[in-house]
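Below is one structure, written out as structure tokens, with a few remarks after it.
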Amino acid sequence: TQLLEQSPQFLSIQEGENLTVYCNSSSVFSSLQWYRQEPGEGPVLLVTVVTGGEVKKLKRLTFQFGDARKDSSLHITAAQPGDTGLYLCAGVRSNTGKLIFGQGTTLQVKP
Amino acid sequence: DAGITQSPRHKVTETGTPVTLRCHQTENHRYMYWYRQDPGHGLRLIHYSYGVKDTDKGEVSDGYSVSRSKTEDFLLTLESATSSQTSVYFCAISRQGDLSNNGYTFGSGTRLTVV
């Protein structure tokens, strides 16, 4: 059983389209992080959200932490081929302080 | 990425043989982690270390052991490799255990194939 469920698992879109990736759990997290991973490399941290309801923007990427701190979303506006990659959400468990990763969303943006 | 290196980057080994993967950091971070990444499972924690000679198990620790004799090095050993341990292994570091404002820095991974 995956503690953090990401959806969709695969997404193929055209350049210029918008998209949203969801990260859901029945557990509460003290914070949630989003990473991006390219083939042959390790994940790279994009953002950390800490407060319920928090919204953070990173250029065309918007991250939101749910009010109850159980879910998060990543929205990309006007996707570009350079956005192609694997997006991973990871929650910090309050009781252990350890990161739990979702299974990832593979995004392909076609020119 | 700069500051954390994994070796080897690729390895093919036979079932039943011991294998050691190395993670080396130059950031002087206290915390180090070993993850494995498999399709459909994301990243799963194998073992972690919170200081020299201080290690603990993660969620998928069976069949693996670790050692940390120096701050900069964290070794992952498969005592007797099995085909189910074919995976991509990532090492990560963090400055402190509280991740509210700090993320992990990952190495580039080791692709291990057990035949």
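The values are calculated or read from the model by the stated rules, or taken from the named source; none is laboratory data. What you are looking at is a predicted structure, and each value in this text was computed from that prediction instead of being measured. Positions of Cβ are backbone-derived with ideal geometry, glycine not excepted, and every protein chain shown enters the neighbour counts. Surface accessibility is based on the protein's heavy atoms, side chains included, excluding ligands, DNA and RNA. Shrake-Rupley method; radii C 1.70, N 1.55, O 1.52, S 1.80 Å.
Has segment B:107-115 got at least one residue that is within 9 Å of another protein chain (Cβ to nearest Cβ), at pLDDT 95 or above and within 16 Å of A:Val92 (Cβ to Cβ)?
No, segment B:107-115 contains no residue that is within 9 Å of another protein chain (Cβ to nearest Cβ), at pLDDT 95 or above and within 16 Å of A:Val92 (Cβ to Cβ).
Within segment A:66-95, take every residue that is modelled with pLDDT of 95 or more, farther than 22 Å from B:Pro39 by Cα and among the hydrophobic types (A, V, I, L, M, F, W, C) and give me the one that is farthest from the chain's Cα centre (by Cα).
This residue is A:Ala78.
Evaluate the following for A:Tyr35: is it at pLDDT 95 or above and under 25 Å from B:Ile93 (Cα atoms)? I'd like the intermediate steps shown before the answer.
Numbers: at pLDDT 95 or above: yes; under 25 Å from B:Ile93 (Cα atoms): yes.
Against the criterion (at pLDDT 95 or above and under 25 Å from B:Ile93 (Cα atoms)), A:Tyr35 qualifies.
Restricting to segment B:59-83, count the residues that are within 14 Å of chain A (Cβ to nearest Cβ) and open to solvent by less than 20 Å² (accessible area, probe 1.4 Å).
Taking segment B:59-83 first, the residues within 14 Å of chain A (Cβ to nearest Cβ) are B:59-61.
Adding the requirement that they be open to solvent by less than 20 Å² (accessible area, probe 1.4 Å) leaves B:61.
Selection size over segment B:59-83: 1.
If the Cβ limit is 7 Å and pairs must be 6+ apart or interchain, which residue in segment B:10-28 that is open to solvent by 80 Å² or more (accessible area, probe 1.4 Å) pairs with which residue that is among the small types (Gly, Ala, Ser) and not in a strand (DSSP E or B)?
Once the first residue is open to solvent by 80 Å² or more (accessible area, probe 1.4 Å) and sits in segment B:10-28, its partners that are among the small types (Gly, Ala, Ser) and not in a strand (DSSP E or B) give B:Thr15/B:Ala81; B:Thr15/B:Ser83; B:Pro18/B:Ser80; B:Thr26/B:Gly3; B:Glu27/B:Gly3.
For segment A:59-84, name all the residues that are open to solvent by less than 10 Å² (accessible area, probe 1.4 Å) and under 18 Å from A:Gln14 (Cα atoms).
Residues satisfying the conditions are A:Leu74, A:Ile76, A:Ala79.
For segment A:20-37, name all the residues that are more than 10 Å from chain B (Cβ to nearest Cβ) and either more than 15 Å from A:Gln64 (Cβ to Cβ) or in contact with a helix residue (DSSP H, G or I) (Cβ under 9 Å, 6 or more places away or on another chain) (or both).
Result: A:Ser26, A:Ser27, A:Val28, A:Arg36.
With the checklist (1) under 23 Å from B:Val60 (Cβ atoms); (2) more than 11 Å from the chain's Cα centre (by Cα) in hand, flag the one item A:Leu45 doesn't pass.
(2)
Give the residue that is least open to solvent (accessible area, probe 1.4 Å), with candidates limited to residues of segment A:92-111 that are assigned to a strand (DSSP E or B) and polar (S, T, N, Q).
If we filter segment A:92-111 for residues that are assigned to a strand (DSSP E or B), which is where we start, we get A:92-93, A:99-101, A:105-110.
When the remaining residues are screened for being polar (S, T, N, Q), the result is A:105-106, A:108.
Numbers: A:Thr105: 0, A:Thr106: 59, A:Gln108: 93 Å².
Among those residues, the one meeting the criterion is A:Thr105.
Looking at chain B, what strands (runs of 3 or more DSSP E) fall wholly within it and have at least 3 residues that are β-branched (Val, Ile, Thr)?
Numbers: elements: B:4-7, B:10-13, B:19-25, B:31-38, B:42-51, B:54-57, B:64-70, B:73-78, B:87-94, B:110-114.
Qualifying strands (runs of 3 or more DSSP E): B:110-114.
Tally up the residues in segment B:8-26 that are within 17 Å of B:Thr71 (Cα to Cα) and out of contact with any Ser or Thr (no Cβ under 7 Å at 6 or more places or on another chain), please. Reasoning before the result, please.
If we filter segment B:8-26 for residues that are within 17 Å of B:Thr71 (Cα to Cα), which is where we start, we get B:21-26.
Still in the list and also out of contact with any Ser or Thr (no Cβ under 7 Å at 6 or more places or on another chain): B:23, B:25-26.
Of the residues in segment B:8-26, 3 are within 17 Å of B:Thr71 (Cα to Cα) and out of contact with any Ser or Thr (no Cβ under 7 Å at 6 or more places or on another chain).
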